[in-house]
Each structure stands twice: as structure tokens, then as C-alpha cells.
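A.B. asks: After the C-alpha cells below, expect a handful of questions from me.
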């Protein structure tokens, strides 16, 4: 549980309800106050008609049925007809208005949630998986939308109906009314206990729903891995266990919600018994008429129905409160990375990128440990090293997806922390191995909402990125939808679309992160050619495991454990016979340097070498068990 949730849990039920309703009103409902007021008027009419109907029971029984007055038959009948017509019109009006308000509030709430979530930092998204956030944006908003409209309906219609009906009952006999509600004091304590129970179960249900959504998100995004590893039964079992827990929790919550109107029904039964015994004796004695009793009995019967609904609202509110707490917490979560209060202007023209003694840790894990180097303006700088050396973290620091604990990153002579965040990120185009495409048309995936791109400009980037080679074969050309995450395209085609997007973006700095690592040889050639065009006239930083893709870089940075341990050109680094030379030999020769040679270079004890060193692939295969 987060600190915010713990603080909320410590509040009393009354304080929590007041705060949450106040927040919901200020942020969303108050903007529709005119429509809400009109809907409340309709609800007041609808609620009061039940009181009017019960009031008509006395003349109907006394004047029409008992005294047999024909003149009263028509005016009583027409009055009752008018009551039902007015109630029908008022009911339709308030439902239409509330639906309009509910949909607008839900749309605004979802939009604000998405806007806020996109602003939050990477650390937040690492802690909150997509399934959890989807659950918040979709299901929690639906839950709130259902309940607040029910609460308003209860306040506008049922409370007014209850007041009018009680007034009718009191006007007939106030002693009968007291007898009817003799059981109310016995409802208070059980109701409070049930409400606390429902709130706890509702929180559990929301958390389980988020875990289910996360599980589905992981299964569907990793469906190929699920199939290849035959994980269908495993994933089904995991999902079934979560579902069973959710069913149990929802049933318990529903039982709590149903308990409150159930308690009211018990009280109603006791009340009716008391009125029948007490009031019936007065009618037998001739102190009250049958019409008076029917008016009172009808008013009381009608009154218990809105009372039951209000009791149900109490339980439903506890369910909604769990969702409101989480949404409120998300909307009030602030990003940790901000633009400075007085940002500096961006450097003019091409500028160097300088990392100066940059340190970054995630908890106890050091990722960057004094990283320092310069990427010259207009040149291509490659960054190589083993997995976990900190290569991708350099890109995250450079684009301020994360800030280092110490050290500086400069563009020219300006610290990137002094630049406006949006303007800083506008300086970079990124092409990574994970080609991010949306389930939209090919055209929209390249333009990404840019309205001022001419057809000539678009055709130019399509040719430069070799997208034109395959777009002609698409059924609807550029208007063909590419499917979820670009699933309708091959890996090479997706990469070329991203490169076209980067060409259109035309930023001063280009960041390439393993852009060809997942491609076949033919696709890699075409993508590499497109990348070469993209790199022209740009300051380019390249992360690569395949050293063949960075041999022609102006400078190669070799990283190890978050530090820069070597830098220079390809031939220069080979001549140094250091880490880069070892990496190169492992990739491009079947047998690299012997253990004795490595020992001499590192001044470490010699290891007996009886055969040439295996390649990385051979080592991996050698570790696999024999089948």
C-alpha cells in the first residue's frame, strides 16, 4: 500500500466520504452544475409524486369505495393519471440529463488520468505495470461513474420522496409513524460495521482486478513466447487462481452491499407489524377511517423502497470509494522530473554532447559510475560494451528520462538540467530495436499528428527510409492499418517506418539503440542503408552489440560497469589490444586470443590453454544439456 493509501485508510469513514465527495465535486461535477440542478428538479418532481399518490388513497377509499360518490370518481381518477404522467416525464428527463453528465465526467476523468500518467517518470511506470493502469483508467472510472449518478439520484429523488412520504404519514398520525420506525436505532451499528467491511473488500477487489489486467497484458503481449514454451496451462492456472480470489472477494463485497437493504427490510417488517396492531385497534374502535389507514399504509410502503435504495447506495459508495481513492492518488501524483523554473535557451547550431563524471544508481545497484566522454558535433559516436555496462542508461540520462545523482550532461556548454524538458526532448530522434508502432494507418504512424507535412516531404522520407519499396504492395497503400504494435509488418518494415518517422522529425541529435539487432541479414542491409542516410548531417550516438555496424564510427566508446574504459577509432582500439579488441575477436574470429595472451595483457596469472577459445555461441551451446 502506498503512503497516500495508508493515510486515507487512517481517516474515519465520515471524513473520507466528505473528502472524496468534495474532491469529485470540485474537480468534475461542479462544471455541470446547471444540468445537475435541472436534473435534481426532475428528480424532486418524480419523488414527490409518490407522496401525492399515497395522499390520494384517502379520498379514493373514503369517498369513492365506501361512500360511493360518483362525482369523486372522475376527479380522483384524473388526479392519479396526472400523477403518473408527471412522474414519467420527470423520470425520463432526469435519466437523460444524468447520462449526459456521466459520460462527460467519465471522458474528462479518463483524459486527465491519461495525461497525468504520461507525465509521470519511468520509475513510476516500472512500479505500476500497464494492466494496473488500464484497470484504473477503465474499470475504476466506470465504477465511480455508476455510483456518483446513483448517489445523486438517491439525494435528488429518494431523499425528497422519503421526506414527502414521511410528511404524509405524519399528517395522518404521528404516533403510527413512530411505531413504524421503532427499529431504526438498531440499524446504526450494524450498518457502520457492514460499511467498513465493504470498503475493505472493495479495495481487495480493485487490487485483484489490476493484477488480472496485468496478467492478461503480459500473456497477450508475449503470446509467441507462451506458445513456444508451451505455457498455456501454466498461464491458465495462474489466471484461474487470481480469478477465483476475485470471485470470492466480489461475493463477499456483494454480500455486504446487500446486507444494508436487508437490514432495512427487517426493520420494515417490524414496523408494519407494529402499525397493523396499533392502528388496526383504532380503526376497529372508529377513531380512524379505512381511507386514513390506506393513505398511511401506502405512504409507508412507498417510503421503505427509497429507504432501501438509500441503504444500497451506502454500500455502493463504499465500493466506489476504493476506486476514487486510487484515482485521486494517481491524479495528485507529481512527476519527479521537472523543467527548471527559469530555463536557459538551447545552444545555437551544432553542439557537442558531453558526459562529465556521471553517477547513477537504482537503489543499491550502480549503473553509471563516473561515465565521462564527449560526442563531437556532426560525428557518429558508437557506444559498445557487455550487457549491463550502462549503455542504454546513457540515453535515458541524455533525454532526462532519469536524472543522475551526480555529474553533468552538457549540450555545448549548457547543462541539460537547465533546459526546458520539452525543448530538450525535441532535440532527439530515437530509433531502437523495439519499433514502437500504433494500431493506425501507415501514414499516421509516420506523421504522428504533424499537420503541416506536404506530400512531397512525405514521399521524400519514404524513399530515403526504403518504405516506398513495400508500401506499394500494401492493400490500401499508406492508409493500410498496421495492426496492434505494428503486427501487420515484418521487423525490417517496422524499423524502416520508425526511420522514416525520425527523418521527418529532423532533429539535431540522433540516438540509435540496437536498431538492427533483431533483423535478418537482408532486412539489416536495407535498414542500415536507411540509417546511414539518417545519420548524415546529424550528431549521432549509436548503441550496438554487433561491432560490424560501428566500425566506421568517428569514435567508439567502450563501457564496462558504468565507466568509459576505452575510446578511439576502430583501428586505434584494435591496436590497443584491450577490451574492444577482445570483443572484436570474439565476434569475427572462430578462436580469439588465448588465455595466456589475455593473462599477459591484464597481468593476471596464466591459465593453462589446451585448445582455441570457443566463440560465445559455442560456449552457450556447450552449456546446454544433451538431449
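The values are calculated or read from the model by the stated rules, or taken from the named source; none is laboratory data. Worth saying up front: this structure is predicted, and the values here are computed from it rather than measured. Note that each Cβ is placed from the backbone with ideal geometry, even for glycine, and that neighbours are counted across all protein chains shown.
A.B. asks: Would you call residue 409 outside any loop (DSSP other than H, G, I, E, B), in contact with a strand residue (DSSP E or B) (Cβ under 7 Å, 6 or more places away or on another chain) and within 16 Å of residue 565 (Cβ to Cβ)?
C.D. replies: Against the criterion (outside any loop (DSSP other than H, G, I, E, B), in contact with a strand residue (DSSP E or B) (Cβ under 7 Å, 6 or more places away or on another chain) and within 16 Å of residue 565 (Cβ to Cβ)), residue 409 does not qualify.
A.B. asks: Which one of these does residue 387 not meet: (1) surrounded by fewer than 21 Cβ atoms within 10 Å (Cβ to Cβ); (2) out of contact with any strand residue (DSSP E or B) (no Cβ under 6 Å at 6 or more places or on another chain); (3) more than 29 Å from residue 583 (Cβ to Cβ)?
C.D. replies: (3)
A.B. asks: Let me ask another. Output yes when any residue across segment 238-251 is out of contact with any helix residue (DSSP H, G or I) (no Cβ under 7 Å at 6 or more places or on another chain), exposed (fewer than 15 other Cβ atoms within 10 Å of the Cβ) and within 28 Å of residue 175 (Cβ to Cβ), and no when none is.
C.D. replies: The answer is no, given that none of the residues of segment 238-251 is out of contact with any helix residue (DSSP H, G or I) (no Cβ under 7 Å at 6 or more places or on another chain), exposed (fewer than 15 other Cβ atoms within 10 Å of the Cβ) and within 28 Å of residue 175 (Cβ to Cβ).
A.B. asks: Please note which helices (runs of 4 or more DSSP H) are completely contained in segment 73-178 and include at least 2 residues that are free of Cβ contacts under 8 Å to residues at least 40 places away in the same chain and not assigned by TED's automatic domain parsing to the domain that holds residue 421.
C.D. replies: The qualifying helices (runs of 4 or more DSSP H) are 122-127, 159-172.
A.B. asks: Here is a follow-up. Could you tell me whether any residue of segment 360-371 is under 30 Å from the mean Cα position of the chain (by Cα), assigned to a loop (DSSP other than H, G, I, E, B) and surrounded by fewer than 19 Cβ atoms within 10 Å (Cβ to Cβ)?
C.D. replies: Looking for residues that are under 30 Å from the mean Cα position of the chain (by Cα), assigned to a loop (DSSP other than H, G, I, E, B) and surrounded by fewer than 19 Cβ atoms within 10 Å (Cβ to Cβ), one finds at least one in segment 360-371, hence yes.
A.B. asks: I'm told residue 305 meets every condition in (1) out of contact with any helix residue (DSSP H, G or I) (no Cβ under 8 Å at 6 or more places or on another chain); (2) in contact (Cβ under 8 Å) with a residue 40 or more places away in the chain; (3) crowded, with 16+ Cβ neighbours inside 10 Å except one. Can you identify the failing condition by its number?
C.D. replies: The failed condition is (2).
A.B. asks: How many residues, within segment 344-359, are at pLDDT 90 or above and surrounded by 16 or more Cβ atoms within 10 Å (Cβ to Cβ)?
C.D. replies: Qualifying residue count for the region: 5.
A.B. asks: Another question, then. Out of (1) at pLDDT 85 or above; (2) within 30 Å of residue 144 (Cα to Cα); (3) surrounded by fewer than 16 Cβ atoms within 10 Å (Cβ to Cβ), the odd one out for residue 93 is which?
C.D. replies: Unmet for residue 93, out of (1) at pLDDT 85 or above; (2) within 30 Å of residue 144 (Cα to Cα); (3) surrounded by fewer than 16 Cβ atoms within 10 Å (Cβ to Cβ): (3).
A.B. asks: Could you tell me which of the residues 36, 24 is buried (at least 16 other Cβ atoms within 10 Å of the Cβ), touching a helix residue (DSSP H, G or I) at 6+ places or on another chain (Cβ under 8 Å), assigned to a helix (DSSP H, G or I) and at pLDDT 85 or above?
C.D. replies: It is 36.
A.B. asks: Would you be able to say whether some residue in segment 338-345 is without any contact (Cβ under 8 Å) to a residue 24 or more places away in the chain, outside any helix (DSSP H, G or I) and assigned by TED's automatic domain parsing to the domain that holds residue 418?
C.D. replies: No, there is no match, as no residue in segment 338-345 is without any contact (Cβ under 8 Å) to a residue 24 or more places away in the chain, outside any helix (DSSP H, G or I) and assigned by TED's automatic domain parsing to the domain that holds residue 418.
A.B. asks: Then there is this: Please enumerate the residues belonging to segment 439-481 that are within 23 Å of residue 221 (Cα to Cα) and without any contact (Cβ under 8 Å) to a residue 24 or more places away in the chain.
C.D. replies: Passing the criteria: only 444.
A.B. asks: Here's something else I'd like to know. Conditions: (1) without any contact (Cβ under 8 Å) to a residue 40 or more places away in the chain; (2) outside any helix (DSSP H, G or I); (3) surrounded by fewer than 18 Cβ atoms within 10 Å (Cβ to Cβ). Residue 552 meets all but one. Number of the miss?
C.D. replies: Unmet condition: (1).
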